[in-house]
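Nothing in this text is a laboratory measurement; each read-out follows from the coordinates by a stated rule. Quick caveat, the model's predicted, so the values are computed rather than measured. Here the Cβ positions follow ideal geometry from the backbone for every residue, glycine too, while neighbour counts run over all protein chains shown.
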Amino acid sequence: MSKIHVTTTVNGDAVEFLADPRETLLDCLRDHLGLTGSKEGCGTGDCGACSVTLDGVLVSSCLVLGVEAQGKQIGTIEGMATDGDLHPLQRKFIEHAALQCGFCTPGILVAAKALLEKKPDPTETEIRYWLAGNLCRCTGYDKIVRAVQDAAAEMREKA
Amino acid sequence: MPKDEFQKYRLVGTRPNRPDGLDKVTGRARYGADISAPGMLWGAVVRSPHAHAKIVKIDASKALALAGVKAVITRADFPDGLTGEPWNLQENTIAGERALYDGHAVAAVAATSRLLAEEAARLVEVTYEVLPHVTEVDEAIKPDAPVIRAGAADASVPEGMPPNVVRYMEFGHGDVEAGFAEADIVREGHYLTEATHQGYIEPHACLGQMGEDGKGEMWVTTQGQWYIRKMCADVLGMEVSQLRVTPSEIGGGFGGKTTIFMEPLSLALSKKAGGKPVKIVMSRSEVLRATGPTASASMDVKIGMKKDGTITAATANFRMQGGAFPGAPVDMALYCAFAAYKLPAVHHVGYDVLANRPRAAAYRAPGSPNGAFAVESLVDQMCLELGLDPIEVRLKNAVREGDKSSYGPKFGSIGLIETLEATKDHPNLQAPLGPNQGRGVAAGYWFNHGGETSVSMAISEDGTAQVSVGTPDVGGGRASIALMVAETLGIRYEDVRVNVVETGALGVNEPTHGSRATFASGKAAVEATRQAIGELCKRAAADWGIDPEAVEWVDGAAQPAGPNAGKFPPMSLAEIAGKMGSTGGPISGHHESVPEGVGASFGVHVVDVEVDPETGRTTILRYLVVQDAGTAIHPAYVEGQYQGGAVQGIGWALNEEYVYGKDGRLQNPIFLDYRVPVASDLPMIDTVIVEVPNPGHPYGVRGVGETGITPPLPAIANAIHRATGQRLRHLPMTPAKVLAAIKANGG
């Protein structure tokens, strides 16, 4: 199948790649752009390990075709720390031991960041429902929810 | 770093940031599928769509005709003549004469892209002759069931047993009939648990390369690089030392990544494709259809109890299927079933049964959750009948140090009593319950495994330390080992770097399994550090011109051991390390052993549920885990093990199961239908770390990883019983099952 030239922006940088029309955005990020921070856990949009933002909207990149990225702004885990400073969520995940194997972590961080941008003061229930599309098999979610709560509190203080 | 209250050590027991945390929150950590190599091909696997079928013919001509397809392999590309476990591994890696389950690999292809490999796999034409199949344990154990493999039974199986029984066991002590006669009530129950999957979010992935010279390399997500190496070598008929296996970061394993699946296929494809590296990444449906699941179980338990709660006798008869190969953990299920109870008389019978399902792999305390579901459910039912408090009944019958266990050996130091007492004191037990709510209690047990262990550590020129361990870090292992080495050496936690190394760097290490990494690698790392300290003292002694015996190591420095040794100021680690090149060369420590002194771990869980009487849906309101950790090296990661284990158990109790159709095919091979717990299903998981130090470990560690998955199954069943009056004996306790039980009894 002939490939399609895609020009897009990832974490603020202009990039281009040749995509097979059958390839997902996740495949393109990982295999063409070397951005392996987004993970494939299911390929069916059920686990959230591939969460990225597409023009600011949280999506499962395994359910987006690579060619759909044309002209869009994509945000991935690799762009979450700015100028070497970790995002408060990243810092709080480490401090709260909110990860064990770490495989779901990039997707959860991207999803949690999208939540806090929408809702700076979420309740525990709101956090749990927002993250219900991100599976974690190691932690039982307790420390993840606490880390998000703590990061949100810190971000509100600094805002 | 804030110290926990009553902390005994400088560093052990604190909660520093884990050393691999930064890589894991930035997407930099490299997992199984995150590596590529120059000239790399992609592999894809052709899998059987039948539960049981004779493979008549495999025609790969159409696949090979595609431009970019570099190799197709079948069983014919693997050596003949294997026996025993190597044959089992080879047969499970790629089917021989018959496909034994839905998803069984029958061929594999390598091509220049992932999409091309998948397309080529679809073009491989396999002609099957479908055979009768059986997937349920109670069907598979019947004398007239389809025979999975004649002659697979081992010597433990008496003559005349049904053909799919491949292992049989019977053990116990005391006179159970006399015990039942002594009881005030004797009750029996029949219990069923369905197969579940470990459900690690990272699918299996590897990048293998093997040349015509028989030398190979592999990058792979695994709990045990040496196990992978030996198993691949066995399956491929190669020399073990010629394969070098590097573990990636691991995206969850829970026992399911202690064995091989498609790893030998990547090596065989690479060899056939002229030595080009071949990457294989499983899809989620491949993971669910062809890897890891647990055994399913059909269990009968009988218990005799006096009115005061004293258990007088107990029997268990367990039948488990672990797929088309021997290895259902019926032995472990039986060993753990009554482990919490001091029993004058107990008898166990177990059957390991073959069925047309994928080969069961270990899953967190394999077997123990099944057995606990049966036994702890029945104990609770009897407590209810006699009006006794479930914690008091467990305290009355609890095993203590020196007691003979239900499975034979005497217990060493254990903390069941302390764990039960701590449970009683927890505020969750005082929380009021409303209508349709119930509180369930259950205990659980798991061993701790020593296992082959080899660790090296070395002092760097600046007085920092590096440690090489062979146990992949599944959830904070590097942090706990760094804490123990830094504590022992008297330096900062941040000055120790722990590396999980490849097979070429150390002698054989067993995987991170059996709750052993912090115990065994930790113990070996402390021993290796002590060896290095001996050398550090020698160097100081030589400098001072005194006897090495007259030097002691205190707070990260050598000093004369008392006034008679001489008067010298302490010589710091950095000072000794800075000149080691001219005082005798590198300073390092090494330790290898099969560590003894393992400490078993008991846990008690208390769960409050609410059952919706209209839908049968169970909501977890409160959840408490109390477990003995011996010593919690890094308490946050101990809590993490407790919480994670509990939630996997909650999934097993309420949602998760392998559903097979009449055609023997798995009906739910995606996460949408195989539903693991999500954040909105759960409350916070409260934890209490009980610390009854294990005398067999320098800092008192017990393995904590596995016990936590065991109590939730019965604890939730017990809570549902107390909320609804209905006793559910078949997992998972789905809304449909709970509702049916309520309706059947006029609810």
**Asked** Beyond 20 Å, what percent of the Cα pairs of the range A:4-79 remain?
**Response** 16
**Request:** Could you work out, residue by residue across A:140-149, how many beta carbons of other chains sit within 10 Å of that residue's beta carbon, and then give the average as an integer?
**Result:** 6
**Fill in**
Stretched fully, the stretch from B:Thr583 through B:Ala744 gains (0.36 nm per residue minus C-alpha distance, one decimal, in nm) 49.7 nm
**Message:** I need the shape label for the protein assembly as shown. Rule: rounded when a/c is under 1.5, else prolate if a/b > b/c, else oblate, with a, b, c from the alpha carbon gyration tensor.
**Reply:** rounded
**Request:** Lys and Arg at +1, Asp and Glu at -1: add these up for the other residues within a Cβ distance under 15 Å of B:His50 and post the number.
**Result:** +3
**Item:** Mean ellipticity per residue at 222 nm, deg cm²/dmol - from DSSP H runs of n ≥ 4 across chain A, formula -39500 (n - 2.57)
**Value:** -9000 deg cm²/dmol
**When each of B:Lys307/B:Lys743; B:Lys62/B:Lys279; B:Lys230/B:Lys276; B:Lys523/B:Lys567 is checked by Cα-Cα distance, pairs over 26 Å** = B:Lys307/B:Lys743; B:Lys523/B:Lys567
**Message:** Tell me which of A:Cys101, A:Ala152, A:Ala132 sits at the most positive position along the dipole axis of the range A:88-158, charges placed on C-beta atoms (Lys, Arg +1; Asp, Glu -1).
**Reply:** A:Cys101
**Asked** How many percent of DSSP beta bridges within chain B run antiparallel, rounded to 5?
**Response** 75
**For B:Asp628, B:Asp673, order by how many other beta-carbon atoms lie within 10 Å, fewest first** = B:Asp673, B:Asp628
**Asked** Where both residues lie in the protein assembly as shown, what percent of DSSP beta bridges are antiparallel, nearest 5?
**Response** 80
**Message:** For the range B:152-254, which GluC sites (Glu not before Pro) pass both filters: DSSP loop (anything but H, G, I, E, B) and at most 12 other C-beta atoms within 10 Å?
**Reply:** B:Glu159, B:Glu212, B:Glu239
**Request:** Work out the length of the dipole vector of the protein assembly as shown about its Cα centre, built from +1 on the beta-carbon of each Lys and Arg and -1 on the beta-carbon of each Asp and Glu, and round it to the nearest 20 debye.
**Result:** 800
**Complete:** The size of the Cβ-based charge dipole (Lys, Arg +1; Asp, Glu -1) of the range B:450-593 about the Cα centre, to the nearest 20 debye, is 80
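Over the residues of the range B:119-166, compute the C-alpha Rg and express it relative to 2.2 N^0.38 Å.
Working it through for the range B:119-166, the quotient is 1.63.
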**Request:** For B:Asn499 and B:Glu85, calculate 0.36 nm times their separation in residues minus their Cα-Cα distance, and state this gained length in nm to one decimal.
**Result:** 145.9 nm
**Asked** According to a simple spin-label model (label point 7 Å from Cα along Cα-to-Cβ), what is the distance in nm between B:Ala155 and B:Leu395?
**Response** 4.8
**Message:** Counting only other chains, and only Cβ atoms inside 10 Å, what mean value do you get across the residues of A:87-93?
**Reply:** 2
**Request:** Give me the distance in nm between label points sitting 7 Å out from Cα along the Cα-to-Cβ direction at A:Gln73 and A:Lys118, one decimal.
**Result:** 1.8
**Asked** Relative to the longest principal axis of chain A, what angle (0 to 90°, nearest 10) does the C-alpha long axis of helix A:142-158 take?
**Response** 90
**Request:** Could you please state, rounded to a whole Å, how far the C-alpha centre of the range B:377-452 is from the C-alpha centre of the range B:201-240?
**Result:** 42
**Asked** Can you give the Rg and Dmax of the range B:172-274 based on its C-alpha atoms, in angstrom?
**Response** 22.5, 73
**Prompt:** If one takes the longest principal axis of the Cα atoms in chain A, at what angle in degrees, from 0 to 90 and to the nearest 10, does the Cα axis of helix A:105-118 lie?
**Reply:** 70
**Item:** Partner lysines for B:Lys306 [C-alpha distance under 29 Å; skip if fewer than 8 residues away on the same chain]
**Value:** B:Lys342, B:Lys396, B:Lys404, B:Lys410, B:Lys424
**Complete:** In deg cm²/dmol, rounded to the nearest 500, the helical mean residue ellipticity at 222 nm of chain B, built from -39500 (n - 2.57) for every DSSP H run of length 4 or more, is -8000 deg cm²/dmol
**Item:** Cα gyration tensor shape for chain B, rounded if a/c is under 1.5, else prolate or oblate
**Value:** oblate
**Fill in**
Ranked from fewest to most other Cβ atoms within 10 Å of their own Cβ, B:Tyr623, B:Tyr351 fall in the order B:Tyr351, B:Tyr623
**Complete:** quick note, the range B:163-296, DSSP beta bridge pairs, % antiparallel (nearest 5) is 65
**Asked** Out of B:Met571, B:Thr583, B:Tyr200, whose Cα points farthest toward the positive end of the dipole of chain B (charges: +1 Lys, Arg; -1 Asp, Glu; placed on Cβ)?
**Response** B:Tyr200
**Message:** Please report the projected area of chain A's Cα convex hull averaged over all directions, in nm².
**Reply:** 9.0
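With +1 on each Lys and Arg Cβ and -1 on each Asp and Glu Cβ, and nothing else charged, work out how big the dipole of chain B is about its Cα centre, in Debye to the nearest 20.
Computed charge dipole of chain B: roughly 1160 debye.
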**Complete:** Given trypsin sites (Lys or Arg not before Pro), DSSP loops and at most 10 other Cβ atoms within 10 Å, the longest exposed-site-free stretch of chain B is B:1-566
**Message:** Report the rotationally averaged projected area of the range A:88-158 based on its alpha-carbon convex hull, in square nanometres.
**Reply:** 4.0
**Fill in**
Looks like the range B:450-593, by Cα gyration tensor root eigenvalues a ≥ b ≥ c and the a/c under 1.5 rounded cutoff (else prolate when a/b is bigger than b/c, oblate otherwise), is prolate
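May I ask you to sort B:Ser405, B:Ser36, B:Ser480 by Cβ crowding, counting other Cβ atoms within 10 Å and putting the fewest first?
Ascending number of Cβ neighbours within 10 Å: B:Ser36, B:Ser405, B:Ser480.
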